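Working notes, structure below.
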Amino acid sequence: MSTIKTNQLAHTANGAATYTLPQTDGSAGQVLKTDGSGNLSWVTLPSQSDCVKLAAATGTSAVGQLLFQNLDVTNYRTFKIILSAYPTVDGDQLRLRVLDGSTYKTGAGTYNWAQSGLSETASGADSYAVIGNSAGNNNYEGWRTEITYVPHVSGDPAYQNNFGFAETNRYTTGNAHRGETYHFKFHQSDVTDGIELYASSGNIAAYSYTLYGLRR
């Protein structure tokens with residue numbers, strides 16, 4: 001026989017275990033979880049959405065870089081960053097590099113990137129990828145961008161190496177609007193799990209971002 005107890009009241013059912021219920025009701029959607037010793041408690045099941053908000057931050061003081069390190073590449077295949085920012089130095093670019101843990105991937109010519117848009121077309125093979133061109137340093141200028149990053153993880157074939165793209169609105173030193181698409185690839189098949197965003201010559205004056213993960 002099993003006994004289910006709540007507030008000194010007992011209910012008997014088939015079996016041999018005794019369960020103690022929590023003293024109060026849970027919230028809508030919660031379920032009961034056992035601790036393995038017959039004590040039950042209310043818990044909220046983790047989200048099973050394929051797109052999960054992982055982090056968000058806003059900063060109004062200048063920073064040298066925005067770092068997204070040690071991302072959970074086991075559970076997430078792709079990462080997206082929605083970013084608004086502007087530089088301290090008028091006319092700076094927004095650049096990207098990938099990381100493995102705390103190690104920056106900075107080899108000369110290891111990044112391929114291309115830009116196309118209303119203002120110009122450019123490409124390069126550098127130690128970084130450009131994802132936002134020359135932007136003004138007033139708070140109504142700068143970059144507004146959505147960045148997609150797909151890391152290369154252990155076990156991936158070589159053709160699945162690190163790549164991504166950015167859809168960027170930027171406002172120039174004269175507050176003229178430009179809309180551009182950037183594609184980038186770290187052409188070595190190194191394992192990576194993070195990215196760095198930084199201004200080309202100065203700092204990032206202020207920023208607001210949200211980081212999302214897309215499940216495997």
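Within segment 75-108, track down each residue that is of a type in the set (Ser, Thr, Tyr) and either closer than 19 Å to ARG144 by Cα or without any contact (Cβ under 8 Å) to a residue 40 or more places away in the chain (or both).
Our first condition is that a residue be of a type in the set (Ser, Thr, Tyr); within segment 75-108, this holds for 76, 78, 84, 86, 88, 102-104, 106.
Within segment 75-108, SER84, TYR86, THR88, SER102, THR103, THR106 meet the criteria.
Take PRO157 and decide whether it is of a type outside the set (Asp, Glu) and out of contact with any strand residue (DSSP E or B) (no Cβ under 9 Å at 6 or more places or on another chain).
Details: of a type outside the set (Asp, Glu): yes; out of contact with any strand residue (DSSP E or B) (no Cβ under 9 Å at 6 or more places or on another chain): yes.
When the stated conditions are applied, PRO157 passes them.
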### Query
So THR192 fits all but one of (1) free of Cβ contacts under 8 Å to residues at least 40 places away in the same chain; (2) part of a loop (DSSP other than H, G, I, E, B); what number is the exception?
(1)
### Task
Can you confirm whether segment 101-113 contains a residue that is open to solvent by 30 Å² or more (accessible area, probe 1.4 Å), within 22 Å of ASN169 (Cα to Cα) and of a type in the set (Gly, Ala, Ser)?
no
### Query
Among the residues of segment 52-72, how many are surrounded by 15 or more Cβ atoms within 10 Å (Cβ to Cβ) and either of a type in the set (Asp, Glu) or more than 11 Å from the chain's Cα centre (by Cα) (or both)?
2
### Query
Conditions: (1) exposed (fewer than 15 other Cβ atoms within 10 Å of the Cβ); (2) among the β-branched types (Val, Ile, Thr); (3) modelled with pLDDT of 95 or more; (4) farther than 30 Å from SER201 by Cβ. THR44 meets all but one. Number of the miss?
(3)
### Message
Filter segment 193-216 down to the residues that are touching a Phe, Trp or Tyr at 6+ places or on another chain (Cβ under 7 Å), surrounded by 21 or more Cβ atoms within 10 Å (Cβ to Cβ) and over 15 Å from ILE81 (Cβ atoms) and list them by number.
### Response
ALA205
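For segment 124-156, give me each residue that is of a type in the set (A, V, I, L, M, F, W, C) and closer than 14 Å to LEU197 by Cβ.
Initially, segment 124-156 is screened for residues of a type in the set (A, V, I, L, M, F, W, C), giving 125, 129-131, 135, 143, 147, 150, 153.
Residues satisfying the conditions are ALA129, VAL130, ILE131, ALA135, TRP143, ILE147.
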### Query
THR24 versus (1) open to solvent by 80 Å² or more (accessible area, probe 1.4 Å); (2) at pLDDT 90 or above; (3) among the β-branched types (Val, Ile, Thr): which is the lone unmet condition?
(2)
### Summary
Among strands (runs of 3 or more DSSP E) completely within segment 17-136, the ones holding 1 or more residues that are closer than 23 Å to PHE165 by Cβ are 51-59, 66-68, 76-87, 92-100, 111-117, 121-126, 129-135
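The values are calculated or read from the model by the stated rules, or taken from the named source; none is laboratory data. Keep in mind the model is a prediction, meaning the values are calculated, not measured. Cβ sites come from the backbone with ideal geometry, for glycine too, and all protein chains shown count toward neighbours. Please note that ligands, DNA and RNA were not included when accessible areas were found on the heavy atoms of the full protein model with its side chains. Shrake-Rupley method; radii C 1.70, N 1.55, O 1.52, S 1.80 Å.
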